[in-house]
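The values are calculated or read from the model by the stated rules, or taken from the named source; none is laboratory data. Remember, it's a predicted structure, so these values are computed and weren't measured experimentally. Positions of Cβ are backbone-derived with ideal geometry, glycine not excepted, and every protein chain shown enters the neighbour counts.
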Amino acid sequence: MKQLIETTMNPTSGRPGRFFKNHGMLLRLLIIMFTASLAIAGCQKQSGTDMKDMNHDPQQNPSEKIMTDDAEFRTKYQGIQFQTLWELQQARSATAKYQDIENAFRDEYEDIGVVLPMMGHHFMRKKNVDAKFEIRNPELLVYNKNNAGKFVLVAVEYAVPLDLSPDGPPEGFTGSGDVWDRNTDFGLWTLHAWVWQFNPDGVFEPMNPNVIVR
C-alpha cells in the first residue's frame, strides 16, 4: 500500500501509463474504504438506537423501573444488614429467569386471580406451599404490566399455611425486618420481598407505592 501511494504521488518514478493505472487503483481502493466506514458507522448508530428503544419507555414512570442490575439493587437497599441483603440477592438470583413469565408457567406458577393495588398480579406454585421457608423457592411471584401490556416481575412472596405454623410465622430472613402478615382470608402467613422493583417504604413492606397496577 505504501509503495502504491509513493508511486502515485511521484509520477516521474515510472512511465505515465503506470501512473494513471496506479492512480485509478488507489482511487477505487479509497472509495471502497470510505463506503465501508460509512456502513460500519450506520450499523453502530442503529445498534445504539435499538438498545435505547429496548431500555427506555418514554411513557414509563421512572419509579416503576425494574432493578435488573445487582449493584443498583444493593445501592437502593444499602441500609439493610449484609446477611439479609445477601439472602435477598439469593432470591433475585433464583427468580431472574421469571422475568420471562413463560418460564414461570413452565415451572407451574399459576395465576390465582389475585390482583391488588400497590402489589400486582399474583402467581402461585402450589407445590411450594408447605411449612418450610425457602429463600430460593418462593411460593408466589408478583407481576405488574408495563405500558405495552407485558408482565414484568416486581416481587416475590413467601407463604406458609397458618395451620402448619400455629405458634407464629416462620423464621424467615435474617434480622427482624421481615414482618409477616397473618392473612386469615387465605389462611396463610405471607411475606413480600420487593427484590425487582424498589419499594421506598421497605423491601419487606406488603404494599409498594411505586406500583401502578395495570
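Which count do you get for residues in the range 101-139 that are among the acidic types (Asp, Glu) and in contact with a His (Cβ under 9 Å, 6 or more places away or on another chain)?
Adding up the residues that qualify gives 1.
Restricting attention to the range 138-151, report how many residues are buried (at least 22 other Cβ atoms within 10 Å of the Cβ) and touching a Gly at 6+ places or on another chain (Cβ under 9 Å).
Number of matching residues: 3.
Please verify whether the range 152-160 includes one or more residues that are surrounded by fewer than 16 Cβ atoms within 10 Å (Cβ to Cβ), of a type outside the set (Asp, Glu) and at pLDDT 95 or above.
The answer is no; no qualifying residue exists.
Could you check residue 177 against (1) in the same structural domain as residue 68 (by TED's automatic domain parsing); (2) modelled with pLDDT of 95 or more; (3) part of a loop (DSSP other than H, G, I, E, B) and say which number it fails?
Going through the list (1) in the same structural domain as residue 68 (by TED's automatic domain parsing); (2) modelled with pLDDT of 95 or more; (3) part of a loop (DSSP other than H, G, I, E, B), residue 177 breaks only (2).
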